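The values are calculated or read from the model by the stated rules, or taken from the named source; none is laboratory data. In this text, all values refer to a predicted model and were calculated from it rather than measured experimentally. Cβ atoms come from the backbone with ideal geometry, glycine included; neighbour counts cover every protein chain shown. Areas reflect the complete protein model, heavy atoms only, side chains present, ligands, DNA and RNA absent. Shrake-Rupley method; radii C 1.70, N 1.55, O 1.52, S 1.80 Å.
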Amino acid sequence: MTTRRTISVRARLASVGVATAAAFGIVGATAGATAAHVGDRAADEHRIASLRENYLLSDVQMAFVRGQAYEIALAADDEERQEADDELDEPLVELGRLQTIVLRGTPGDLLSDASLFRADVDAFVHAVENLAESGSTEATSTADALRAIDAQFDSLNEQLASLLARLETRQDQAIADTAAARRWAALAVIGASIIGVLIVVALLRRAVRSILGGLRGVSDAAAALAAGDLAARVADGRGDEIGAVGSAFNATADAMQAIVRRLAEQGQRDAFGRDLTEALDMADTEEVVYDVIARSLVAVSNDHPMELLLADSSRAHLERRVQHPNAGAPGCTVDSPFACVAVRRGTVTTFSDSRALNACPNLRAPSDKPCSAVCVPVTFMGRALGVLHTTAAVGAEPDAEEVSRLTAVATASGVRIGTVRAFDQTTLQATTDALTGLSNRRRFEQVARNLQRHGTPFALVMADLDHFKLINDTHGHEAGDRALVRFAHQLRHHFRADDLVARYGGEEFVILLRNTTAAHAAAILDEFRARLAEATSAQPPVITASFGVTDSSFARSLAELLGQADAALYRAKATGRNQVMLNEAPAAHDEDQRIQTYVDEGFDDADGGLTAHNVRYQSL
């Protein structure tokens, strides 16, 4: 377009040009200041999200510490107690580190509550350490200490929930402030433009037609920009100062459009990260986590193959756990975490061409087509879990936005997988007997009360090794421990998967058999005694046991049933040992009626299994 020659407005009234330039200078300054403000709010949002994540990690560590407190309290001997005490050191150090981080990063108006939370965490840690150091063997004092620790843990969770709720409100406010800042930028441009128009009209009445003709284009473009048309620009063609203002406006609009585009991209990333975090927060098992990851990969890209490789339980091999639902998996050949370059480096690693000299060896398979790749390590608390891997054609590698989202998926996934595994490990340790690997007394009581609550019939068996003290005195305590382990092994392999076998304490064991009567359980136990004698006869000492049996039809409370089974066990030991004794308490129904009740509730008695004492019970 040819620039037409116009009379210089500066020559007629220099002040008009100065005022106009100043007005549009305000526009640029306002836009720049608003963009900086928006960036600050977005940074606040990221800091708050990071702070919330560290608070959640603190909760995981507190749960692990509490689990260790139970391990210490329920330890069978000093050696087991010391082992549990040693395992407490690392989570205590990590919990202290996390508390230092969150206290340093907590906003000023939340600092008082955060400091109180830190003090209560220290008190909780002190209570656990006191329990670990006390060495108390009195059940009452240990139970009181555990109840106090549970109360402190519950109080800490309430405080944590309050802090997280306030931080979430703060994060939502930051998002709202960002949107408001964008609206203010557009309004500032309109206001500055209107001021410029008014100044020009007031100072140059005689040149109003010429000046307003040029300013009308600027004003229209500004109005369109304020209405949301980010592509609005002042038409070129004037060679005077108004044309220069139009060019300046266009440059400002270009800058604003770039800022809004970056903010929109940042908003999309933030929304994706927020949605991903919320989805993972609702995932209670690794399988659910894997499903969330698979769906998130589609949001990263629908065209590029992707896969999540995680180390197995030995940490020596990588196994594919997730692949892209639509594009499939790249099929990376790396077989161990150490062999992965990204895992070794601990950072996002990009390869633009698999044929390059410095390309990953696992990309250079002769039969594969040349490709580019992005590999993101997946970690939890500094420990490598695996790698998130994607490939694309050479020259079509994932852009910065895709890499950013892929990194977000890897980071959030590592945190959630590590958290779920830590929680599962804590739960397992809290409900498992360390010596035998069976469930412990706490787990038994939970399952028994749950069966009672749902009205599920069951038989209850108390078992006690015969002459256990003699084994210890004759062969030593290590032989006694081996006897307990051998006995537990036989129990575990004799009963059904849905029955529960638990170590009750010392040489006492307890067994719950679902949908089974006491008489039927007695027949099963007679079979077990024979199997036990055969299994232990080749390697002395020969292990025998006595059993007391009752079932849920004899009493309503668990305490009564345990008393009945214990009384029957006492009679079995008093009358010769190595035998099964049934509860002598009167039943609520006669035997035929009780059997009919079990059949009505779904037990298959087609072959008379409930009344036959000499056949193995049926698998339900």
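Do we have any residue at all in the range 305-327 that's open to solvent by 80 Å² or more (accessible area, probe 1.4 Å) and either touching a Ser or Thr at 6+ places or on another chain (Cβ under 8 Å) or closer than 21 Å to Ala400 by Cβ (or both)?
We begin by selecting, within the range 305-327, every residue open to solvent by 80 Å² or more (accessible area, probe 1.4 Å); these are 313, 315, 317, 320-321, 323, 326.
With either touching a Ser or Thr at 6+ places or on another chain (Cβ under 8 Å) or closer than 21 Å to Ala400 by Cβ (or both) added as a condition, the list becomes 317.
Among the residues of the range 305-327, at least one is open to solvent by 80 Å² or more (accessible area, probe 1.4 Å) and either touching a Ser or Thr at 6+ places or on another chain (Cβ under 8 Å) or closer than 21 Å to Ala400 by Cβ (or both), which makes the answer yes.
Criterion first (farther than 30 Å from Gly67 by Cβ, open to solvent by 30 Å² or more (accessible area, probe 1.4 Å) and assigned to a loop (DSSP other than H, G, I, E, B)) does Arg405 satisfy it?
no
Please indicate, with yes or no, whether at least one residue in the range 503-516 is within 20 Å of Leu428 (Cβ to Cβ) and surrounded by fewer than 19 Cβ atoms within 10 Å (Cβ to Cβ). Quick ask: steps written out before the conclusion?
So the first thing to find is which residues in the range 503-516 are within 20 Å of Leu428 (Cβ to Cβ), and the list is 503-505, 509-510, 512.
Of the ones still in play, those that are also surrounded by fewer than 19 Cβ atoms within 10 Å (Cβ to Cβ) are 505.
Scanning the range 503-516, I find at least one residue that is within 20 Å of Leu428 (Cβ to Cβ) and surrounded by fewer than 19 Cβ atoms within 10 Å (Cβ to Cβ), so the answer is yes.
Residue by residue, here is whether (1) at pLDDT 80 or above; (2) under 55 Å from the mean Cα position of the chain (by Cα); (3) open to solvent by less than 50 Å² (accessible area, probe 1.4 Å) holds:
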position: Ala151; (1), (2), (3): yes, yes, no
position: Ser162; (1), (2), (3): yes, yes, no
position: Ala180; (1), (2), (3): no, yes, yes
position: Ser193; (1), (2), (3): no, yes, yes
position: Leu215; (1), (2), (3): no, no, yes
position: Gly243; (1), (2), (3): no, no, yes
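Would you mind finding the one in Ala523, Ala488, Ala434 that is under 27 Å from Ala559 (Cβ atoms), in contact with a Ser or Thr (Cβ under 8 Å, 6 or more places away or on another chain) and among the small types (Gly, Ala, Ser)?
Ala488
Any chance you could count how many residues in the range 541-552 are modelled with pLDDT of 90 or more and open to solvent by 10 Å² or more (accessible area, probe 1.4 Å)?
2
Which members of the range 119-149 meet the condition of being at pLDDT below 80 and open to solvent by 50 Å² or more (accessible area, probe 1.4 Å)?
Matches in the range 119-149: Glu133, Ser134, Thr137, Glu138, Ala139, Thr140.
Residues that are in contact (Cβ under 8 Å) with a residue 12 or more places away in the chain, in contact with a helix residue (DSSP H, G or I) (Cβ under 6 Å, 6 or more places away or on another chain) and under 13 Å from Glu507 (Cα atoms), at least 2 per element: which helices (runs of 4 or more DSSP H) completely within the range 430-496 meet that?
On the way: elements: 441-453, 468-475, 477-494.
Per the criteria, 477-494.
If you check Asp172 against the conditions, is it closer than 30 Å to Gly505 by Cα, of a type in the set (Asp, Glu) and either at pLDDT 80 or above or in a helix (DSSP H, G or I) (or both)?
Spelling it out, it is not the case that Asp172 is closer than 30 Å to Gly505 by Cα, of a type in the set (Asp, Glu) and either at pLDDT 80 or above or in a helix (DSSP H, G or I) (or both).
Would you point out the residue of the range 285-305, among those that are among the charged types (D, E, K, R) and assigned to a helix (DSSP H, G or I), that is farthest from the chain's Cα centre (by Cα)? Before the answer, list the steps.
Taking the range 285-305 as the starting set, the residues that turn out to be among the charged types (D, E, K, R) are 286-287, 291, 295, 303.
Keeping just the survivors that are assigned to a helix (DSSP H, G or I) gives 286-287, 291, 295.
Working: Glu286: 9, Glu287: 12, Asp291: 13, Arg295: 17 Å.
In this case the residue turns out to be Arg295.
Would you mind telling me which numbered condition in (1) buried (at least 21 other Cβ atoms within 10 Å of the Cβ); (2) closer than 22 Å to Arg274 by Cα Gly386 fails?
Of the numbered conditions (1) buried (at least 21 other Cβ atoms within 10 Å of the Cβ); (2) closer than 22 Å to Arg274 by Cα, the odd one out for Gly386 is (2).
Whether any residue in the range 415-428 is open to solvent by less than 40 Å² (accessible area, probe 1.4 Å) and modelled with pLDDT of 90 or more is what I want to check.
The answer is yes, given that some residue of the range 415-428 is open to solvent by less than 40 Å² (accessible area, probe 1.4 Å) and modelled with pLDDT of 90 or more.
Being touching a strand residue (DSSP E or B) at 6+ places or on another chain (Cβ under 7 Å), assigned to a strand (DSSP E or B) and of a type outside the set (Lys, Arg) is the filter; apply it to the range 320-349 and report the residue that is nearest to Gly382 (Cα to Cα).
By that ranking, first place goes to Thr349.
Determine if the range 517-540 includes at least one residue that is outside any helix (DSSP H, G or I), buried (at least 20 other Cβ atoms within 10 Å of the Cβ) and over 44 Å from the mean Cα position of the chain (by Cα).
Looking for residues that are outside any helix (DSSP H, G or I), buried (at least 20 other Cβ atoms within 10 Å of the Cβ) and over 44 Å from the mean Cα position of the chain (by Cα), one finds none in the range 517-540, hence no.
List, please: which pairs have Cβ atoms under 6 Å, are six or more places apart or on different chains, and start with a residue in the range 506-528 that is closer than 24 Å to Thr436 by Cβ and polar (S, T, N, Q) and end with one that is modelled with pLDDT of 95 or more and in a strand (DSSP E or B)?
Once the first residue is closer than 24 Å to Thr436 by Cβ and polar (S, T, N, Q) and sits in the range 506-528, its partners that are modelled with pLDDT of 95 or more and in a strand (DSSP E or B) give Thr516/Ala459.
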